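Okay, so here's the structure we're looking at.
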C-alpha cells in the first residue's frame, strides 16, 4: 500500500473529564492517539488534555465525525465539553515521520512486557517479552489506556504462570495483543480478528516484523470454537452486540478481558454477559485478586470468566 505524501496533525484540546471517551472513540475509528496532559513534556493548561492524531490528508472528516459525535453524546450525559479547541497542521511526509518519532519510545508494561519502536530499541530488555511495533495505519501501540490495560492483564496472566492453548484478539487493530500473546506463549494458537481489512494487513506486517507471521491466523470475523483467553478491546455497544458470540468463544475456565469500557458501563456489560453464562470477576484494581489487577484508571478493563 502506498503511503500518503502529506499528513495532517490534528490537536484537540478539551476538559480532562471528556478526554478518555474521546480518545477511545478516535482509537476505535482507527487512529493512534497521543495523549498530552499534566504528566507529559508537552502539556496543556491545568485541567485540560490535548489529544494529538496524525492522519493522511483527506481523512480529516473521519476524525471530525468521531470527535463531534462523541462530544454530543458526552454533553447529553452532562459531561463538561466546553472550550474544545481543534488545531490542524498540514505536514509533508518527512515532517510527519520526524514528528512522531520524537514522542515514541520503549515502554514497559507490568514486569514482563516491553513494546519498542524499531528505530529506538530499549537498552535493557532482559527477561521481558519484547514486541517491536511502530505507529501505523491501525489503532494500537500500547500508549492508549484501553490497550495498555489489556497488556497489563496479559502481563498478569504471564506472571501468574498461565499457559493458554488458544488466544483470541477481537478488534485487533495493529495486532499488538495477538503479537504479544504469540511471543509470550510460543505453543499457543493465536487468532486475530478485525472487520477492517487495513487492520488485518497492518497486523500481518507487524507480525512479520516480530517473526510470528505463521503463528497468527487473521480473520474478518470471530471464528467458531473456544479459547482460553479472549481480548475484546472494543466499545460498549459492540460488546453488547457481540455478547453471545464472545461468550461462546470462551472455553470453560477461560477468561474474557474487556476493554474500551468506561467504569460506569461495567454493570450493563456484566448483566449482558451473565445472560450468556459468563461470571463477572473484576473491573478495577483489586488487591484481593492480584492475578487480574490493573491500574486505577477511570477507563478500566473487566474480566468475565466461564465457570
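Using C-alpha pairs under 8 Å with a sequence gap of at least 6, the mean separation divided by the residue count of region 6-102 gives a relative contact order of 45 percent.
Given 25 °C and 0.890 mPa s, compute D for region 205-274 with the Stokes-Einstein relation, Rh being the Kirkwood radius over Cα pairs; round to the nearest whole µm²/s. Before the final figure, lay out the partial values.
Details: Rh = 13.5 Å.
Estimated diffusion coefficient is 182 µm²/s.
Peptide packing: for 162-170, 216-224, 126-134, the average count of neighbouring Cβ atoms within 10 Å per residue gives the ranking 162-170, 126-134, 216-224, highest mean first. The peptide list 182-193, 147-158, 235-246, put in order of mean Cβ contacts within 10 Å with the highest first, becomes 147-158, 182-193, 235-246.
The gain in end-to-end length when the residue 238 to residue 16 segment is fully stretched comes to 77.4 nm, 0.36 nm per residue minus the alpha carbon separation.
In region 6-102 the Cα-Cα distances spread across 5 Å bins starting at 0 as 3, 13, 25, 25, 19, 11, 3, 1, 0 percent of all pairs.
Viscosity 0.890 mPa s, temperature 25 °C: Stokes-Einstein D of region 16-60 from its Kirkwood Cα radius, in µm² per second? The partial results should precede the final answer.
On the way: Rh = 11.2 Å.
Roughly 218 µm²/s, to the nearest whole number.
I'd like the projected area of region 180-237, averaged over all directions, using the convex hull of its alpha carbons. Report it in nm² with one decimal.
Details: hull surface 18.1 nm².
Convex hull of Cα atoms, orientation-averaged projection: 4.5 nm².
Where a number appears in this text, it was derived from the coordinates with a stated rule and is not lab data. Keep in mind it's a predicted model, so treat the numbers as computed, not measured. In this analysis, Cβ positions are derived from the backbone assuming ideal geometry, glycine residues included, and neighbour counts consider all displayed protein chains.
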